[in-house]
Amino acid sequence: MMEAKDKITEQPSRFDHLEQMSVGELLRHINEEDVLVAEAVRRALPQVEALVEAMEPRMRRGGRLFYVGAGTSGRLGVLDASELPPTFGVPETWVIGLIAGGEKALRHAVEKAEDVAEQGWKDLVAYQPAPDDTVLGIAASGTTPYVLGAVREARKNGLLTGCITSNHNTPLAQAAEFPIETIVGPEFVTGSSRMKSGTAQKMVLNMISTTLMIRLGRVQGNRMVNMQLTNAKLVDRGTRMLQESLGLSYEEARQRLLEAGSVSGCL
């Protein structure tokens, strides 16, 4: 088992006596640490690229993407998955977020939910996983049993597997075919991986899902032409897209949009 002393995510913060700092000092130092995140993600880009290129043909054949995480990592996976249907007009079944402890864990800590290694795969089995599916484990530590168990079993059962961690050479990275290691360094508050590690995870998830949606034809030019028209702001955005593309008046564009149900349906 990987020991705490070997985890960068558990190493002491570069800053001490935080309670003695002013508000301005705290904010500046947190920002100094956050600046390091983008560089850590940049270094991991070849790993992200390899995973996305392996996933794309599977999703074209109908495969799904499952995010599996606990705590902050699980919430970020659920967040990314939940934003794709309204943004890109895809079914909720394309990308699915699973979190240790289930729906309750989105708002409340569920005691010891992440410590049950068998539960991650059990939660996946409920969706009848198939060979073209991908399981992406998200765990800053790289040792979370719920996530590790899901990835190991998914790989045994022939699914494509990837992971996002913030430590080198973790059990999770060893279990996944396509590990992504975003080494952001010790957290501002020692061990608080909701900070830099969580930010890196969000950045990588944005990259993965957005790149896949573009490659799968859900964007034209740089526009979200398949977005769901769920509020006035999005109807207005879609209307202006059609005005620019088709040279229509605002009212004509709006009427066409509402009749078709999406920008792509009018183009």
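The values are calculated or read from the model by the stated rules, or taken from the named source; none is laboratory data. Every value quoted in this text rests on a predicted model; they were computed, and no experiment measured them. Here Cβ is always computed from backbone atoms with ideal geometry, including for glycine, and neighbour counts include all displayed protein chains. To get the accessible areas, we keep the full protein, side chains included, count just its heavy atoms, and leave off ligands, DNA and RNA. Shrake-Rupley method; radii C 1.70, N 1.55, O 1.52, S 1.80 Å.
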field: At most 15 other Cβ within 10 Å, DSSP loop - trypsin sites (Lys or Arg not before Pro), the stretch 99-183
entry: Arg107, Lys112
- prompt: What is the P(r) of the chain, as percent of Cα-Cα pairs per 5 Å bin from 0?
  reply: 1, 6, 12, 15, 16, 14, 11, 9, 7, 5, 2, 1, 0
task: Whole number in Å², please: accessible area per residue of the chain, 1.4 Å probe, ligands, DNA and RNA not counted.
output: 50 Å²
task: Choose one answer from Ser192, Ser249, Ser209: the residue with the largest mean-square fluctuation in a GNM of the chain with alpha-carbon springs under 10 Å.
output: Ser249
field: Residue among Leu76, Leu172, Leu242 with the largest mean-square fluctuation in a Gaussian network model of the chain, springs linking Cα atoms under 10 Å
entry: Leu242
task: For the stretch 199-267, give the percent of accessible area contributed by carbon and sulfur heavy atoms, probe 1.4 Å, rounded to a whole number.
output: 46 percent
query: Cross-link partners among lysines for Lys122, C-alpha distance below 24 Å, same-chain residues fewer than 8 apart left out?
result: Lys104, Lys112, Lys156
query: How big is the Rg/Rh ratio for the stretch 68-212, C-alpha atoms only, Rh by Kirkwood, two decimals?
result: 0.94
statement: A correct Karplus calculation of ³J(HN,Hα) over the stretch 115-121, with 6.51 cos²θ - 1.76 cosθ + 1.60, θ = phi - 60°, whole Hz and x for Gly and Pro, returns 8, 9, 5, 6, 6, x, 5
task: Per residue of the stretch 125-130, in order, report the coupling 6.51 cos²θ - 1.76 cosθ + 1.60 (Karplus, θ = phi - 60°) as ³J(HN,Hα) in whole Hz, putting x for Gly and Pro.
output: 4, 4, 9, 6, x, 10
In Hz, Karplus ³J(HN,Hα) per residue of the stretch 227-239 (6.51, -1.76, 1.60; θ = phi - 60°; x = Gly, Pro): 4, 7, 8, 8, 7, 4, 4, 6, 5, 5, 4, x, 4
- request: Can you send over the carbon and sulfur percentage of the accessible area for the stretch 53-115, probe radius 1.4 Å, protein chains only?
  value: 48 percent
- line: For the stretch 14-64 the trypsin sites (Lys or Arg not before Pro) that pass both the DSSP coil test and the at-most-14 other-Cβ-within-10 Å test are Arg14, Arg61
- prompt: Using only helices, what value at 222 nm comes out for the chain when you add -39,500 (n - 2.57) per DSSP H run of length 4 or more and divide by the total residues, to the nearest 500 deg cm²/dmol?
  reply: -15500 deg cm²/dmol
message: I need the semi-axes of the equivalent ellipsoid of the stretch 9-124: take the C-alpha gyration tensor, multiply each eigenvalue by 5, square-root it, list largest first in whole angstrom.
response: 32, 21, 15
